[in-house]
Amino acid sequence: MTSTEAAVLPPLAAAHMPVGIFDSGLGGLSVLRAVRTLLPDEAIVYAADSLYAPYGERDDDFIADRTLAVCQWLVAQGAKALVVACNTATSQAISMVREKLPVPLIGVEPGIKPAALQSKTRVAGVLATQVTLRSARFQALLERYAADCRFLCQPGHGLVQAIERCDVGSAELRALLDGYLQPMLDAGADTLVLGCTHYPFLDTLIRDIVGDRLELIDTSVAIARQLERILDQQGLRAAPPAPGETPPLPRLHSTSDGAHLRQMASSLLNLDVPVEQVLIPSRRTAAPDSLPV
């Protein structure tokens, strides 16, 4: 599911400005893919904070600090709206960031509600980072929507790291995933919530392991639809290109060298564009030895 709050965009903002998408690393590419499918005319600027990924193993203050810094950087690039395409960042920081920025923000949340609605066995699994699972936002989702559905919450230790190094199918990763999924199957789960935007890139491997025994819940399409609603509400929807013109390609940026971001964008999204390395300092990462060279 997604979450937004109304925000008033400065008068100088215009529909031709880009949508900003932020993730701790490569996972937000799954959201970028959904946004490009639903909103092909939108310019997009994507920022991956891969130098400091994964956020799921960081403390809450660090996550909030980096989330605000990267979102501020995206606004400085002209973003008319922001998608915080990171469950961990959403759970720990989005309320604070909304208070500080003048553009609409869309966050991501694990699909607890759709899982509870569709599970027939009334048992569902959740794969997410440890930070997301212990967050107040996640606990509130369970209290609000779980009802008579039992949710088996599994921290996905090691999964984000694998995807960040472009591993979506190794034997080692398969064994790790099998260890997470088999107990869910043994407990009777028929639904699996992918509670991190990195995890949709494991779709093929997960289906290879579980077959059709688990229905996968991926909220990236819902995020794109919420973005569409917000842009329409505020008159910020981009106009179709003029005859003979093509929609702009996304601009990709990374706080690391960007090699894995470019590889993942090319192999999984068929998107062959350069990645610009950017320096985005923040309160917690201002020391010289903590910044990229």
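Nothing in this text is a laboratory measurement; each read-out follows from the coordinates by a stated rule. Everything numeric in this text was worked out from a predicted model, so none of it was measured. Because the Cβ atoms are built from the backbone with ideal geometry, glycine has one as well, and the counts that use them run over all protein chains shown.
Say we join alpha carbon atoms closer than 10 Å with springs in a Gaussian network model of the chain; which of A89, A124, A146 then has the biggest fluctuation?
Maximum among the listed residues: A146.
Compute the Kirkwood hydrodynamic radius of segment 112-218, taking the inverse of the mean of 1/r over all pairs of distinct Cα atoms, and give it in Å to one decimal. Present the calculation step by step, with values, prior to reporting the outcome.
Details: mean 1/r = 0.0724 Å⁻¹.
Kirkwood hydrodynamic radius for segment 112-218: 13.8 Å.
From the phi of every residue in segment 77-90, what ³J(HN,Hα) in whole Hz does the Karplus formula 6.51 cos²θ - 1.76 cosθ + 1.60 yield, where θ is phi - 60° and glycine or proline is x?
So the Karplus estimates, Gly and Pro as x, are 7, x, 4, 8, 7, 10, 10, 7, 8, 9, 4, 5, 5, 4 Hz.
In angstroms, what radius of gyration and Dmax does the chain have, counting Cα atoms only?
Computed over the Cα atoms of the chain, radius of gyration and Dmax are 18.5, 56 Å.
Roughly how many Å is it from the Cα centre of segment 21-78 to that of segment 109-128, as a whole number?
25
By per-residue mean of other Cβ atoms within 10 Å, what is the highest-first order of 35-44, 252-261, 15-24?
On the way: 35-44: 17.7, 252-261: 20.6, 15-24: 24.2.
In decreasing order of mean packing, 35-44, 252-261, 15-24 become 15-24, 252-261, 35-44.
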